[in-house]
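Remarks on the structure that follows.
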Amino acid sequence: MPPVEPDVNPSVSDTPPPTDAASKPAKPSLVARFKTLMLEYGPLAIAVNYVIFGLVVVGFYAAIQFGFEPSSTGQKAGSWAAAYAASQVVKPLRFAAVFVLTPLIARIPPVARFIERNKHKWSF
């Protein structure tokens, strides 16, 4: 009679179930991504953010002056206050534009030279 050998395949209870967290890394938070953007591009990211904010506020102000009436603002709110409130509604889109446009603007040769020369000033 031949010898009986044990089963070499592990049973289901011997192996831990695969976890999704181990297979793909967690997505960094918006604050963490903004800090990374600031460390890499510094004042360029701030400038892009403020330029986009200014363009959005001025655009909403012009739209309100030409007859657009946002329903979310009160009757007593001034045009600039209504434009500011409307710009806060589109804040996620503004931040998305900052995350997309900042690296593209940083590729422009004079801007890239500025970043390389001054990167040590805002690196922590």
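The values are calculated or read from the model by the stated rules, or taken from the named source; none is laboratory data. Worth saying up front: this structure is predicted, and the values here are computed from it rather than measured. Please note: Cβ atoms are built from the backbone with ideal geometry, for glycine as well, and neighbour counts cover all protein chains shown.
Can you confirm whether the stretch 75-97 contains a residue that is modelled with pLDDT of 90 or more and assigned to a loop (DSSP other than H, G, I, E, B)? Taking every residue of the stretch 75-97 in turn, at least one turns out to be modelled with pLDDT of 90 or more and assigned to a loop (DSSP other than H, G, I, E, B). Which residues, counting only those in the stretch 49-70, are over 19 Å from Ala97 (Cβ atoms) and in a helix (DSSP H, G or I)? The answer is Ile64, Gln65. A Cβ distance below 8 Å, combined with a sequence gap of six or more or placement on separate chains, defines the contacts here; from the stretch 72-97, residues that are at positive phi reach no residue that is part of a helix (DSSP H, G or I) and at pLDDT 90 or above.
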